[in-house]
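Data first, discussion second: the structure below is written as structure tokens.
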Amino acid sequence: MRRLPCWICAVLFATLVQAQASVDYFAGMGLREGIYADFQAFQNNRPTVPLDRLRDGQGLPVSDIRRVSGKLQWQPDTGARQTVDLRSIWGFCQNDVVYIGTSNGFYRIGLMGSLSHLVVEQTYRDWDPYMYGRYPMGGVTRTVLVQQLLDMRTGRYLPFNAAGMDEGLQHDRVLSEEFRALPKKQRNSPEALFRFLRMYNERNPLSFPE
């Protein structure tokens, strides 16, 4: 029987340890505070910039990211001070709550899990031709609240309806088949959607590296 080279064994061992060194999410676990430049930073529970390093335009510490806008600054361990544009980041964590950036601002994840649930504002233009006389510029802008799912494996946003849930459950064959066996009308009911959301997260817990 051939032996693997020592360096391959070391890599395999390190990979195994890294895969095992994780903890399942629970409310109040104490996620690290700061801003996430991208989805991967959130997945690793390693903010791109920790909260205690953020400074506002006057150089003062930022205690509440929700109350600031535009650009912030932070000082890396080496090099010049860096600027962060809040409009370009994926999100941030503060007081163990995760907020995700959208075109209309930041919105908190209400139900955290491998499939997370959140409510966001979406703006659209109403082009009703019967309103043309009152709004000659071509309709009126409306803002509505929309429920969404966030698949923590892929980072994809899914609609909170039967189609979105069906896509999200594809990682769990048992629940996927059970969901598809429901009558079409029942699959779109809030009761069924929240029930399968809960069951999926119980069977597939969200985990973070230690």
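Considering amide H positions built from the backbone, and no H for Pro or chain starts, which residues 5 or more places from residue 102, or on another chain, come under 5 Å of its amide H?
Here the answer is 107, since their amide H atoms fall under 5 Å of that of residue 102.
For the modelled label position 7 Å from the Cα of residue 87 along Cα-to-Cβ, which residues of the range 97-112 have backbone nitrogen atoms closer than 17 Å?
It comes to 101-107, nothing else.
Compute the FRET efficiency between residue 64 and residue 182 as 1/(1 + (r/R0)^6), taking r as their Cβ-Cβ distance and R0 = 45 Å, and round to the nearest 0.05. Please list the in-between numbers first.
On the way: r = 43 Å, r/R0 = 0.96.
With a Förster radius of 45 Å, E is 0.55.
Got a sec? Which residues in the range 157-182 would a label at residue 111 touch, if it sits 7 Å along Cα→Cβ and we count backbone N under 18 Å?
157-172, 175-180, 182
Taken together, the values in this text are just the output of simple stated rules run on the coordinates, not laboratory data. Keep in mind that what you see is a predicted model, and the values were worked out from it rather than measured. Backbone-built Cβ (ideal geometry, glycine too); neighbour counts: all protein chains shown.
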